[in-house]
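Structure record follows, encoded as structure tokens.
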Amino acid sequence: MAQLENPFYGGRDNKEWSDDYGRGSDGRRKGGCCSCLIALIIIVVIFGGMGFKEYYSIVGKFKDFAIGQGAQKLTLKRDSEFWKNPAIFAGSKYTFKGKVMTVADGTFTMYIDFKNYKKQLTVQNPEGFAVNYGDFVEVTGEIVNESYPTVSAREIKKIDILDALTSGAKKTQLDQKITENGLTITVEKIARTDEYTFIYLTFENQSTTQLTFYASDLDVSSAGKKYTNDYITDLPYSIEDLKPGETKSAVMVYKALPKKAVGVDLIARVFPDDPDVNFPEFKWSIEF
């Protein structure tokens, strides 16, 4: 039978190649096999005491060898990758926040981006945590090796809608108050995400008239550019029928400010029920 030609040895047959493998210039064999054996022993010593997950947690640090359970660790920066190819993060522990949409026996679905009905996540609920349609929840668990985004829940707790919306947001605590004619408006804080700017306001009415305030009554600008308000269902984005002596809070939602923005200008207008009572504009110049 004809010998197969080894392409790395310029036409020499396999027997010649195998005979010469490992020989030095003096014709003696080198200790190649011994070296391989030593290397193998070292690998066994290093990894032998590790469990499956521990091994892959190390392997997962090397992007070129990202295979196996837990090979890729999901982080906030890699969120967009997860929705395209969730299986590569199988075994990674992560926390998701969103709105429950459908509930079945032992499982439910939730939208992480519930305003736009995007980023749908399937949650396996082996512990039988009680959830209902419309709940805002925080789910911590292990990502499952599926072609669609799936997590096996280890902990589920109900949260406020703002906790879900502002997860990972850059928040600036302010507590800046302005009082005019018995009405105090406080800019409590501002939270900024890649998509939205959230402005937290508190209204304390010590005037003699009832007041009304809507999201459209707040002007927001930064570096001379005006930003339009947005609406998200379930958010308290207006103050209606604020009676004398009452205090209410609202959260205004606007399109995202630039990441490099160093400040924002706010102008609020309120409308009293009593035509004989007037309020000037409330103005803030806020630095981040």
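The values are calculated or read from the model by the stated rules, or taken from the named source; none is laboratory data. What you see is a predicted model; the values in this text were computed from it and never measured. Here Cβ is always computed from backbone atoms with ideal geometry, including for glycine, and neighbour counts include all displayed protein chains.
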Checking Glu138, Glu155 in turn, the sole residue that is surrounded by 14 or more Cβ atoms within 10 Å (Cβ to Cβ) and assigned to a strand (DSSP E or B) turns out to be Glu138
Looking across the stretch 108-135 at residues that are surrounded by 13 or more Cβ atoms within 10 Å (Cβ to Cβ) and of a type in the set (Lys, Arg), the single one that is modelled with the lowest pLDDT is Lys115
Given the conditions (1) of a type in the set (Ser, Thr, Tyr); (2) within 30 Å of the chain's Cα centre (by Cα); (3) under 18 Å from Val187 (Cα atoms), every one holds for Thr233 apart from (3)
Can you find, within the stretch 197-222, the residue that is surrounded by the most Cβ atoms within 10 Å (Cβ to Cβ) among those that are in a strand (DSSP E or B) and of a type in the set (D, E, K, R)?
Glu204
One residue is enough: does the stretch 229-242 have a residue meeting the conditions closer than 18 Å to Val262 by Cα and either in a strand (DSSP E or B) or without any contact (Cβ under 8 Å) to a residue 24 or more places away in the chain (or both)?
no
When you check Lys243 against the structure, is it in the same structural domain as Ile199 (by TED's automatic domain parsing) and either more than 24 Å from the chain's Cα centre (by Cα) or over 22 Å from Asp113 (Cβ atoms) (or both), yes or no?
yes
Tell me which residues, restricted to the stretch 69-109, are of a type outside the set (Phe, Trp, Tyr), under 15 Å from Gly141 (Cα atoms) and in a strand (DSSP E or B).
Lys93, Thr95, Lys97, Gly98, Thr107, Thr109
